[in-house]
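A.B. asks: Questions regarding the structure given below will be posed in turn.
The values are calculated or read from the model by the stated rules, or taken from the named source; none is laboratory data. As the structure is a computational prediction, the values presented were derived from the model and not from experiment. Methodologically, a virtual Cβ is constructed for each residue, glycine included, from the backbone with ideal geometry; neighbour enumeration extends over all protein chains shown. These accessible areas exclude ligands, DNA and RNA; they are computed on the full protein's heavy atoms, side chains included. Shrake-Rupley method; radii C 1.70, N 1.55, O 1.52, S 1.80 Å.
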Amino acid sequence: MIYLGVAIGVLLVLGLVLVLWPQLRNWRKHRRDYEAAKATVHGDKDRYNFLINKDFRVLETNFYELNWEMDDGQPNVLGNVLHCETGCDSGLCGTGIACKTCPVRMILTNSFKQRRDFNDVAATMRLYNKDYQVKEVDVRVDGQLVYLGYEPHFIVGVRT
């Protein structure tokens, strides 16, 4: 009878390990991938870098390291962090009328669908500066597809 109880206990532990092991492996892969992407984002001081998910949410950026005076509580969405006039004025990047024709949003949306990088896309953006004056700024945007675990994300580089 004791052997039966031990055998059931061992089977339960083995079953639990078999169920949780893939999840633990996925979590560890996600953490490893995230740390590598974070190092890439914060390691480059020649441009603004953003690690974004498919909803354009900024998970990591070096923007505030390079512009410490600009941290004003904007939502962590790409256009808001960059202080895009349309995104800031409408409250959230992607909800303004001009967002529907934004070349940066279009290229990122297509790149997420096609799961491929893009390089040197030129755009003119209307950005707020630290004094909250709107300036037209010519930007060059690059995107590198990265996976955090098995989910696609982009490291977006913006040069002004």
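A.B. asks: Tell me, what % of the accessible area of the chain is carbon and sulfur with a 1.4 angstrom probe?
C.D. replies: On the way: 5680 of 9960 Å².
Answer for the chain is 57 percent, counting heavy atoms of protein chains only.
A.B. asks: Next up: Using +1 on the beta carbon of Lys and Arg, -1 on that of Asp and Glu, and nothing else charged, what's the dipole of the chain about the Cα centre, debye to 20? Please list the in-between numbers first.
C.D. replies: Numbers: 20 positive and 19 negative charges, 151 e Å.
Charge dipole of the chain: 720 debye, to the nearest 20.
A.B. asks: Also, I was wondering about something else. With every protein chain present, what is the per residue accessible area of the chain (1.4 Å probe, Å²)?
C.D. replies: Counting only protein heavy atoms, the per-residue value for the chain is 62 Å².
A.B. asks: With axes computed from alpha carbons, what is the tilt in degrees of helix 103-114 against the longest principal axis of the chain, rounded to the nearest 10 within 0 to 90?
C.D. replies: Once rounded, one gets 30 degrees.
A.B. asks: May I ask you to compute the full-extension gain from A123 to L18, defined as 0.36 nm times their residue separation minus their alpha-carbon distance, rounded to one decimal in nm?
C.D. replies: 32.8 nm
A.B. asks: Quick check: Cα centre of segment 1-73 to Cα centre of segment 107-157, how many Å?
C.D. replies: 23
A.B. asks: Now, a different point. In deg cm²/dmol and to the nearest 500, what is the mean residue ellipticity at 222 nm of the chain if only DSSP H runs of at least 4 residues count, each as -39500 (n - 2.57), divided by the residue total?
C.D. replies: Taken over the chain, the calculation gives -13500 deg cm²/dmol.
A.B. asks: Quick one: if you stick a label point 7 Å off each Cα along the C-beta vector at R116 and D55, how many nm between them?
C.D. replies: Result: 2.8 nm between the two label points.
A.B. asks: Next up: Out of V134, V41, V19, any idea which swings most in a Gaussian network model of the chain, alpha carbons joined below 10 Å?
C.D. replies: V19
A.B. asks: Further question on the same structure: Which label belongs to the value computed from this structure, given these candidates for volume of the Cα convex hull per residue in Å³: [x] 127; [y] 111; [z] 147?
C.D. replies: [z]
A.B. asks: On C-alpha positions alone, give me the angle between the axis of helix 2-43 and the longest principal axis of the chain, in degrees, nearest 10.
C.D. replies: 20
A.B. asks: If you don't mind, another one. Rounded to the nearest 0.05, what FRET efficiency is calculated for T109 and W68 with R0 set to 30 Å and r the Cβ-Cβ distance? Numbers along the way, then the final one.
C.D. replies: Values: r = 31 Å, r/R0 = 1.02.
Computed FRET efficiency for T109 and W68: 0.45.
A.B. asks: Next up: Would you grab the residues whose amide H sits under 5 Å from the one on V77? Only those 5+ places off in sequence or on another chain, please, with H modelled 1.01 Å from N.
C.D. replies: V58
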